[in-house]
Structures are given as structure tokens and as C-alpha cells.
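Have a look at the structure below, then the notes.
The values are calculated or read from the model by the stated rules, or taken from the named source; none is laboratory data. Small disclaimer: the values here were computed from a predicted structure and weren't measured. Cβ sites come from the backbone with ideal geometry, for glycine too, and all protein chains shown count toward neighbours.
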Amino acid sequence: MPHTIKLQALILLALGLAGPLQAQDSTAEAPAEAPADATGEDPGAAPDTTPADPAEGLDMGTPLDDGQPAVGEAYTRETFGDWSLQCMKAPEGPDPCQLYQLLRDGDGNAVAEILMFPLPPGSRAAAGATIVAPLETLLTEQVVITVDGGTAKTYPFTFCNAGGCVSRAGFTAEDVAAFKAGAAATLRIVPAAAPDQVVELTISLSGFTAGFDYQVEAGTAAAPGATGE
């Protein structure tokens, strides 16, 4: 207990909450009046017992954010099967979003990415996509996509940066319908170091219809210029 009492006393002292010392016995002979000291204060005056502000010198803390993304920050709004709806927090208005899927090889290694979004009615394409392949991809072989083993279509690469080589693809209404009706698509690329080999990646279409229609109804599709670079 002595250690506990001492600790409590030290805390009270640190917070300025310790009470004043008890006054001497009032029956004792009062001392002669002393002259004022050099500070001009009467040394016989009662000491100032006003406690210090207990909060003085304490850090009042900084409020954490409310969990909402900051402007310009990417976040996942919804998940639809094997697709996630990736959005960017806008300063005002609806946040632009795209359906996203990370593509892995047979060993589970992340190889490529695909992002898809609907385009406004009247556009030449019903949907757009940004496909990101590794930097070591043979660009002249382009990207080849088939849905459920159907007719293959090729899409050229647009540019490369530190994040990979990007292809911006446009899909017709018939292409989108095939994605909605299909079970899986295949994305094929060729590595530059082994041009005689082909890398085939599976694009799961589980949840694609729900995610694509959600974008159309919510009007959250990213503008074509906002994808990729």
C-alpha cells in the first residue's frame, strides 16, 4: 500500500490537485508582522492556494478521420462476385468507379489487371476497359480476349509506364452481352523474353452482370480519360 499511496500523491501533485498544507494551531502566538520583501509582497500573506489548471501541458489529442476516403483516394465501394467496384473520391458530385479484377496465373501469381466501365448511350462502344499487363510483355502481339471460347479479338497496347503496359479496349453491345452471358473469358499475352510462349489468364465473369448494371443505374462509370494514365 505505501507504494500505491505515494504514486497517487505524485499524480495529484503533477496535476496540481494536492491541497494546501494545514494551518498552524490558531492558539499559537502570532508572529510579529514582517516587512514586505523585495518583491513587494507581504511575506505574512496567506499563500495562493488556487490549483493549477490540471489540463495544462497535456496533449488534448487529434481526432481521427471518420473512416471516409479523402479526396483523390481510391476505395472499394461494392463487391460483385469476383469483381470489385473501385472508386475514386471526388471533390464533389458522384465518385467515378470502375469494375476491377486482378488476374492471376495458374500458380496464383498476380500478372495483369482489368478495369471495365459502361459508356454513355450513343457511344461507338457500349463499354470501355483498361488492361494492364507486365512491362515484359511483347507489345506487337497485343492483347487477345475470348469469351467462353468464342471469337477472339485483339486490342493493341496504348502506352507503358512504371506500372505496366496499358491497353485501352472498347467493347460493343454484343461484346458486353457475351460477358454477361458467359462464365469466363480468357486474356492472352505473350512475354517478350519468350515470344514462343503464351500466357493465358482467366477473367471470371461471376458478378459481372450485377456490377455492370449497378454502374449503369447509379451513373458512377469513370470517364474514359480517367482510366489508365
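Six or more apart or on different chains, Cβ under 7 Å: which pairs go from a residue in the range 75-86 that's touching a residue at least 60 places away in the same chain (Cβ under 8 Å) and under 7 Å from Leu99 (Cβ atoms) to one that's of a type outside the set (Lys, Arg) and part of a strand (DSSP E or B)? Could you list them? What qualifies is Trp83/Leu99; Trp83/Tyr100; Trp83/Gln101; Leu85/Thr76; Leu85/Glu78; Leu85/Cys97; Leu85/Leu99.
Annotation note: Cβ proximity below 6 Å between a residue of the range 136-150 that is farther than 15 Å from Phe179 by Cβ and a residue that is among the β-branched types (Val, Ile, Thr) and in a loop (DSSP other than H, G, I, E, B) (sequence gap 6+ or interchain) occurs for Leu138/Val190; Glu141/Val190.
In the range 71-96, the residue that is modelled with the lowest pLDDT out of those that are in a loop (DSSP other than H, G, I, E, B), in contact with a Lys or Arg (Cβ under 7 Å, 6 or more places away or on another chain) and of a type outside the set (Gly, Ala, Ser) is Val71.
Mind checking which residues of the range 97-112 are out of contact with any Lys or Arg (no Cβ under 9 Å at 6 or more places or on another chain), surrounded by fewer than 18 Cβ atoms within 10 Å (Cβ to Cβ) and either in a strand (DSSP E or B) or touching a residue at least 60 places away in the same chain (Cβ under 8 Å) (or both)? Hits for the range 97-112 are Leu102, Arg104, Asp105. Test each condition in (1) in contact (Cβ under 8 Å) with a residue 60 or more places away in the chain; (2) part of a helix (DSSP H, G or I) for Thr209 and report the one that comes out false. Here Thr209 clears every test but (1).
For the range 197-218, the set of residues classified as among the acidic types (Asp, Glu) and modelled with pLDDT of 95 or more consists of Glu200, Asp213, listed by residue number.
Picking from residues in the range 160-183 that are surrounded by 15 or more Cβ atoms within 10 Å (Cβ to Cβ) and among the hydrophobic types (A, V, I, L, M, F, W, C), the one that is farthest from Thr130 (Cα to Cα) is Ala178. Among the residues of the range 114-121, none qualifies, meaning not one is in contact with an Asp or Glu (Cβ under 6 Å, 6 or more places away or on another chain), hydrophobic (A, V, I, L, M, F, W, C) and either assigned to a loop (DSSP other than H, G, I, E, B) or in contact (Cβ under 8 Å) with a residue 40 or more places away in the chain (or both). Can Ala110 be described as at pLDDT 95 or above, in contact with a helix residue (DSSP H, G or I) (Cβ under 9 Å, 6 or more places away or on another chain), over 19 Å from Gly207 (Cα atoms) and not acidic (Asp, Glu)? Considered against the rule, which asks whether it is at pLDDT 95 or above, in contact with a helix residue (DSSP H, G or I) (Cβ under 9 Å, 6 or more places away or on another chain), over 19 Å from Gly207 (Cα atoms) and not acidic (Asp, Glu), Ala110 comes out as no.
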